[in-house]
Amino acid sequence: MARPPSQTAERRAIARLLRERGIGRHALFLTQREGAALPGGLEAVSGFVLDPRGRVHGFWLAWDDDRRALTLAPFYPVEDAEATFMDDAEYQAARRALGLS
Amino acid sequence: MRPLIARWPVARGAILLAALLAVLTLAGCRTATIGQAASVPTKPGGAVEVDRERIAREATWAPGQLRAHFEKHGKEGPWASESEYDASARETIRVGTAFTYLDRESNAERLGFFQKESNRFAGVTRDGRRITTQFKPDRGEAYVRGLDRSTYR
């Protein structure tokens, strides 16, 4: 079982960008560093976020050249997340972390 | 007559120290066994034993992830299509050196596969169900070796 995540700079950036999208408390799962260097010494990260309402979005921490700022792109909803991720241990851990199961 | 251990403080101390070391050693082994029970078996040298053919055949991308990864990493190949990129990821799983590492954002253990000759790195979940990425790291072998708790040697 995954341990509580440490607060990496990438996690802090993702949390800030999620707050801008109205998502406060959340749990990440199926995350992955993607090798691409971002300004500020960060690294691109892909993955999924679960919010307290049970909604799941896929995301990619990236750099927006036009806005010269970090962004989550793509950021997309996953329909029927419970069925989609039913067999994913990390999704189940995320649900437990948010008290959803 | 008093026992030897009572008469010789030095000998008694040595015996107590040996007993303490034995207890600590056993406790350490117990901890390692518990930790490894939930992890992928690791061989000497850091390599791991996994059913790579099953993973390459059955692992899936989570919704939207193949498209996103192809869009972000496709030009590194070059891979001309999502299906070529996907096939390459599965080949990396089949032929790459297998190791484990820790995903820093979720603190979840991952399986990694790295083929030095083509500089391809693929990641999958510990249970081998989900492919989490494939790309060509700029720093090659040094990148996969530098991943958190990487067992790549």
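Numerical summary
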{"item": "Helices (runs of 4 or more DSSP H) enclosed by segment B:39-153 - at least 1 residues per element that are crowded, with 17+ Cβ neighbours inside 10 Å, touching a residue at least 40 places away in the same chain (Cβ under 8 Å) and within 14 Å of chain A (Cβ to nearest Cβ)", "result": "B:65-73, B:82-95, B:141-146"}
{"item": "Selection count, segment A:64-77, where residues are touching a helix residue (DSSP H, G or I) at 6+ places or on another chain (Cβ under 6 Å) and either within 13 Å of chain B (Cβ to nearest Cβ) or within 18 Å of B:HIS69 (Cβ to Cβ) (or both)", "result": "2"}
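Every number in this text was worked out from the coordinates using simple rules, so none of it is lab data. Since we're looking at a predicted model, the values are computed, not measured. Counting neighbours? That spans all protein chains shown, and the Cβs are built from the backbone with ideal geometry, glycine included.
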